[in-house]
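Structure record follows, encoded as structure tokens.
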Amino acid sequence: MELRHLRYLLAVADHGNFTRAAVALHISQPTLSQQIKQLERSLGVLLLDRSGRTVRLTDAGAAYAGHARRALRDLDAAERAVHDVQDLSRGHLRIAMTPTFTTYLIGPLVHRFRTAHPGITLTVQETTQDRIETDLMADRLDLGIAFAGEHTAGIDHTALFTEELSLVVGSGHHLATAPGPLPVEQLTGEPLGLLTGDFATRLYIDRYFAECGITPRVAVEANSISALLQFVRRGSPATVLPDAITRERPDLHPIALTPPLPTRTVELLRRRTAYHSAAARAFAAIAGA
């Protein structure tokens, strides 16, 4: 058994088809089929069920594939450890964060990191918190930035700072000159523009209104903070966003509500058992973890 046998088996399992797996691996389909049969002969068990239209792992194959994935992941980590340069003159770092941090946090962090360590290349992704934790556990990421809460087993989390939310309006909005804090009841019937439900921020906002007994009038939903800011800048509707997003935008006005909107803790996420490169450790230090 060689490492290529593991990669070939996992490719067939992932694609459910020898032809598609062979294309992805850049080898011929007969070669792939022969290599899988060699692996099955060496183990003395069928790993793939070829009887249906889709090739599937047998029970034995599923058990073996789980160990194979972990072995390849650990070998990839070992290779990165060998090539890790402790003086940070070169290397690569993979980071992901939930969408609101793209607007105000990741830019300054990457700028500080690149200024200090220009030889390190970075891959930065914006995705959901669930996907971040899945990718950390699969060793597809080195670090994640997300919110405190229930985390996947095996994820280490370190608090970075507390994020505060406010009602936000544009300069031409009738609430822009309202004295604060504003009782939340005054938002009844007020058109709001909110992030869509796949944002963690929206879940906090919905929970807040429900606890206050308010049914907000959601006039606009957007899955882009940039788009939402454009709507608000033009006078209507109002929205709810982290204070850090509006702090340096003079054409936007944050308004405190009573009862106050919830705060939430921002955390740096890492896989507990992963090898943490010098670059990952350096970025964590810059982020404040």
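Projecting each Cα onto the charge dipole of region 131-289 (Lys/Arg +1, Asp/Glu -1 at the beta carbon, about the Cα centre), which of GLY172, LEU241, ILE286 comes out farthest on the positive side?
ILE286
What is the spin-label model distance, in nm, from HIS92 to ALA148 if the labels are put 7 Å beyond Cα along the C-beta direction?
Inter-label distance under the simple model: 3.5 nm.
Could you list the GluC sites (Glu not before Pro) in region 58-158 that lie in coil according to DSSP, counting only those with at most 11 other Cβ atoms within 10 Å of their Cβ?
Within region 58-158, the qualifying GluC sites (Glu not before Pro) (loop, at most 11 other Cβ atoms within 10 Å) are GLU150.
Using only alpha-carbon positions, what ratio does the radius of gyration of the chain give when scaled by 2.2 N^0.38 Å? Write down the numbers at each step before the final one.
Values: Rg = 24.6 Å, N = 289, 2.2 N^0.38 = 18.9 Å.
It is 1.30.
Report the gain in length on full extension from ASP206 to ALA244: 0.36 nm times residue separation, minus Cα-Cα distance, nm rounded to one decimal.
Extending this stretch completely gives an extra 11.7 nm.
Report, for region 117-247, the % of DSSP beta bridges that are antiparallel, rounded to 5.
Counting DSSP beta bridges with both partners in region 117-247, the antiparallel share is about 40 percent.
Among 249-259, 277-287, 10-20, 207-217, how do they line up by average Cβ neighbours within 10 Å per residue, starting with the highest?
Highest mean packing first, the order is 277-287, 10-20, 249-259, 207-217.
Assuming R0 = 35 Å, what is the FRET efficiency of THR58 and THR265, from their Cβ-Cβ distance, to the nearest 0.05? Could you put the intermediate results ahead of the total?
Values: r = 45 Å, r/R0 = 1.28.
After rounding, the FRET efficiency stands at 0.20.
Once you have a ≥ b ≥ c as the square roots of the Cα gyration tensor eigenvalues for region 1-71, tell me rounded if a/c is under 1.5, and otherwise prolate or oblate according to whether a/b is larger than b/c.
rounded
Once phi is turned into ³J(HN,Hα) by the Karplus curve 6.51 cos²θ - 1.76 cosθ + 1.60 with θ = phi - 60°, what whole-Hz value does each residue of region 269-280 show in order, with x for glycine and proline?
Along region 269-280, the couplings run 10, 9, 6, 4, 9, 7, 6, 9, 5, 4, 5, 5 Hz.
Dipole magnitude of region 171-232 about its Cα centre, charges +1 at Lys/Arg Cβ and -1 at Asp/Glu Cβ only, in debye to the nearest 20?
Using only the charged Cβ atoms, the result is roughly 80 debye.
Have a look at LEU93, LEU105, PRO250 and report the one farthest towards the positive end of the charge dipole of the chain, computed about the Cα centre with Cβ charges (Lys/Arg +1, Asp/Glu -1).
LEU93
Tell me the label-point distance for the pair THR121, ALA176, using the 7 Å Cα-to-Cβ offset, in nm and rounded to one decimal.
4.6 nm
With all distinct Cα pairs included, what does the Kirkwood hydrodynamic radius of region 148-289 come out to in Å, to one decimal, could you say?
16.7 Å
Might you report the magnitude of the Cβ-based charge dipole of the chain about its Cα centre, with Lys and Arg at +1 and Asp and Glu at -1, to the nearest 20 debye?
Around 940 debye, computed over the chain.
On a full-extension model of 0.36 nm per residue, what is the gain between ARG70 and THR31, subtracting their alpha-carbon distance, rounded to one decimal in nm?
11.6 nm
Say we join alpha carbon atoms closer than 10 Å with springs in a Gaussian network model of the chain; which of LEU141, LEU194, LEU75 then has the biggest fluctuation?
Largest GNM mean-square fluctuation: LEU75.
No value in this document is a laboratory result; all are computed from the given coordinates. Owing to the predicted nature of the structure, the values given are computational and were not obtained by experimental measurement. A quick note on method: Cβ atoms are made from the backbone with ideal geometry, for glycine too, and the neighbour counts reach across all protein chains shown.
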